[in-house]
Amino acid sequence: MQVSHFLAYNSVRVAQYSQYSSPDPEVGCDTTTLYKNYVQVCESIGIEPYNDLKQIVTATGEQIIITGSSNEVKLSSGGCRALMNALSGKLEGATVEPFTSLKDLRIRSSNINDCGAVAVATFLRATVKVEVKQEVGSTTQPVQPAGKLQFLDLSDNNIGHQGALHLGRSLEVGMNKTLTSLILDFNAVGSEGASALCKGIATNSSLTVLSLKHCNIDSKGGDPISAMLMFKRLALTTLDLSGNCLGATGLVDLCKGLETNTSLTIFRLADNNIRQTDEDIAALEVFGQVLLKHSKLAEVDLDNNHIGSKGGQLLLPGVRENKQITTFKISELGMDAEMYKTLFRVSNTSKGTKGKKKSKKKKK
């Protein structure tokens, strides 16, 4: 079966790495060697590599983009495993130079499933610098080159609980320390998968962006996500849970974590089945108190939740009095026009202009 995908690279310096020379975690194999290793792994697991891959991987780079379409054969879990092994330098019966300059990996709509996500998780753990025992008679002590992956997008790949579980484990304390953004949109990870993922992230001090849009997370997902938000050393600044079904129960649970959280600046909970029932109104009252007291929130998105004027009234004090909140999105359906006008706002771009003027004055 032919595996069809696209790899695009931005330029970056890539130096040669030798396991038996002075170890340097900043370098790794070049793209020609990466392609050779990729083909070798494909042959060992019985899949045909993409024919044009060699021509695409002609320049060194930081980015790999693989996007499937309805007219192509998907990358699949096998193809994903082959690529991850090639990037890690793990071939059949041998360990070779890894590709360490990768900073941005995007595998979208490629049907990699849980097995592919497990392969990616293994790759994430392989980026940790590992001390290797000194061989007898050797004058050097080789180390595994440290990877530089910062951005990972695995959107729309049929990833479920098991895939989320392994990705979470790869981000636990002591594991990957380079990843700053994780996008898992349009995967049916569910509340169970979100819980497993967040359990790992709860001890991570490097990840700043987590997006779980349209991931089938229901009211049971609020509590484990909340527990993650309570972690004192959490670096997360952006959390996007749009398009799920957390509802009133999930919102109340989330508020427990938001009350003590000091890292989030962007919180998106659009389209989460929060409406105008008594339970919803009670949850919005609790969230209103969070808005009033949170010291860092600057952008909040509650759009496509039909909370009406009564719900809006409970949020108004927090939005009005918390000067940190510069963007607040909300649905106007069922809401008084004046109330909507008062609540809805977008960030003031003039702040950026003022910043530029100040920097110019400093130069003078």
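The values are calculated or read from the model by the stated rules, or taken from the named source; none is laboratory data. No experiment lies behind these values; they were computed from the predicted model shown. So basically every Cβ, Gly included, is an ideal-geometry build from the backbone, and we count neighbours across all protein chains shown. Side chains included, ligands, DNA and RNA excluded: accessible areas come from the protein's heavy atoms. Shrake-Rupley method; radii C 1.70, N 1.55, O 1.52, S 1.80 Å.
Brief remarks on what is shown
Rundown of residues vs (1) of a type in the set (Asp, Glu); (2) part of a helix (DSSP H, G or I); (3) at pLDDT 85 or above; (4) open to solvent by less than 20 Å² (accessible area, probe 1.4 Å), yes/no style:
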residue	(1), (2), (3), (4)
Asn51	no, no, no, no
Thr58	no, no, no, no
Gly61	no, no, no, yes
Glu72	yes, no, no, no
Ser77	no, yes, yes, no
Arg81	no, yes, yes, no
Met84	no, yes, yes, yes
Leu87	no, yes, yes, yes
Glu97	yes, no, no, no
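- Residue check for Asn157: assigned to a loop (DSSP other than H, G, I, E, B), at pLDDT below 95, in contact with a Leu (Cβ under 9 Å, 6 or more places away or on another chain) and not small (Gly, Ala, Ser): no
- Filtered by the rule that a residue be small (Gly, Ala, Ser) and more than 13 Å from Ser309 (Cβ to Cβ), region 328-346 gives no residues.
- Taken as a whole, the structure places Lys232 among residues that are of a type outside the set (Gly, Ala, Ser), at pLDDT below 95, surrounded by fewer than 19 Cβ atoms within 10 Å (Cβ to Cβ) and more than 22 Å from Leu124 (Cα to Cα).
- Matching residues in region 167-186 - criterion: being surrounded by fewer than 18 Cβ atoms within 10 Å (Cβ to Cβ), small (Gly, Ala, Ser) and within 24 Å of Gly243 (Cα to Cα): Ser181
- Residues considered: Val41, Val14. Of these, the only one that is among the β-branched types (Val, Ile, Thr), modelled with pLDDT under 55 and surrounded by 18 or more Cβ atoms within 10 Å (Cβ to Cβ) is Val14.
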